[in-house]
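Derivation of every value follows stated rules applied to the coordinates shown; laboratory data play no part. Keep in mind the model is a prediction, meaning the values are calculated, not measured. Reconstructed Cβ throughout: ideal geometry from the backbone, glycine too, with neighbour counts over all protein chains shown.
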Amino acid sequence: MTTTRPEARPLTTVIGAMIEAVNLGEPLSSETLAVVHQALLDRGVIFFRDQNVSVEQLWAFVRNFGTPQKEDSFGTDADQAADVQEADFSRTRRGTAAWHADSTFLEKPPKITLLRMVRGPAFGGDTCWANMVSAYEALSQPMRNMLDGLTAVHSVSRAVSRLGNYGDAFAAEFGKLHAPQQVHPVVQLHPETGRKALFVTESATTRIVELEPAESRHVLDLLFEHIKLPDFSMRWHWSPNDIALWDNRTVQHYAVPDYTTERVVHRIVVAGDRPYGP
């Protein structure tokens, strides 16, 4: 069991932390878990280097944060570690080349995502993350006041359109289990911290319900550009056995598609709840 108290070393002013002196292949003490959990809440995304661990060990670690599932759209609470497969993202790399929180087109998007790099390109294939709490707080008070009371449509159609040849097959299977779109608050209230975060993404959000079409288009365009500001973001260059763990309720990410060789990962999500607003 890891008993040495780790420290969360910030990577930028507003997002990201490196957790060192932790072996995720071992059970973690309650004190270590408390540090990791708080860092996740405070920094949005946290990283662990050199984690040569099995899927079973990853599964046990993720269970500390809730119910693990093998995947967002097709996972269930009955999933087991054996259901997690290595995934090569090179064939669908354009699908995540847009700022997004994971699967906001679901009624209950995952609350936490874990990604472990198994094999990646020698260069390229970085991932960027952005803090949506900071993005919200950087808006003017009148804008925040307006957004707090709005809801928006999140549609799977945009994700499907970016998946290329795989899109039709994904849409067919997705449609057997889920509605094609959901309505969520434009501003999500974090259930643990009580902080407000922007919850619209260019990869899924199609319109703001309460606004006229032209108003909706302009407000969303403004927010999509605002989210991209480097003030709120960081960029991570992957090495084999790196692990990223992020809070899907407060951060968005962008997987840079500047590679053609394989990019193989293990990915596990934690079941989430329906988002709610202020």
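Rounded to whole numbers, the Karplus 3J(HN,Hα) couplings from phi for segment 224-232 are 4, 6, 4, 4, 6, 4, x, 4, 9 Hz, using 6.51 cos²θ - 1.76 cosθ + 1.60 with θ = phi - 60°, and x at Gly and Pro.
Give me the Å³ per residue figure for the convex hull around the C-alpha atoms of segment 123-213.
Residue-normalised Cα hull volume stands at 159 Å³.
Rounded to the nearest 20 debye, the dipole magnitude of the chain is 220 debye, with +1 charges on Lys and Arg beta carbons, -1 on Asp and Glu beta carbons, and the Cα centre as origin. Note on the chain: helix-only mean residue ellipticity at 222 nm, from DSSP H runs of 4+ residues weighted -39500 (n - 2.57) and normalised by residue number, equals -6500 deg cm²/dmol.
Here the spin labels are modelled as points 7 Å beyond Cα on the Cα-Cβ line, and at Arg119 and Leu33 they lie 3.5 nm apart. Among Leu198, Leu115, Leu33, the ranking by other beta carbons within 10 Å of each residue's beta carbon, starting with the fewest, stands as Leu33, Leu115, Leu198.
The fewest-to-most ranking of Ile268, Ile19 by surrounding Cβ atoms within 10 Å reads Ile19, Ile268.
Label-to-label distance, Thr13 versus Glu56, with points set 7 angstrom from Cα along the beta-carbon direction: 4.7 nm.
Rounded to two decimals, what is the ratio between the C-alpha radius of gyration of the chain and 2.2 N^0.38 Å?
The reported ratio for this selection is 0.97.
Computing FRET efficiency as 1/(1 + (r/R0)^6) for Glu107 and Ala214, where r is the C-beta to C-beta distance and R0 is 25 Å, gives about 0.30. By the rule of a C-alpha distance below 21 Å, with chain neighbours fewer than 8 residues away ignored, the lysines paired with Lys176 are Lys70, Lys108. The fraction of all Cα pairs in segment 44-177 landing in successive 5 Å bins from 0 to the largest distance is 2, 7, 14, 18, 20, 17, 12, 6, 3, 1, given as whole percents. In order along segment 263-278, phi translates into HN-Hα couplings of 9, 9, 9, 9, 9, 9, 10, 10, 3, x, 10, 5, x, 9, x, x Hz, rounded to whole numbers, per the Karplus curve 6.51 cos²θ - 1.76 cosθ + 1.60 with θ = phi - 60° and x for Gly and Pro.
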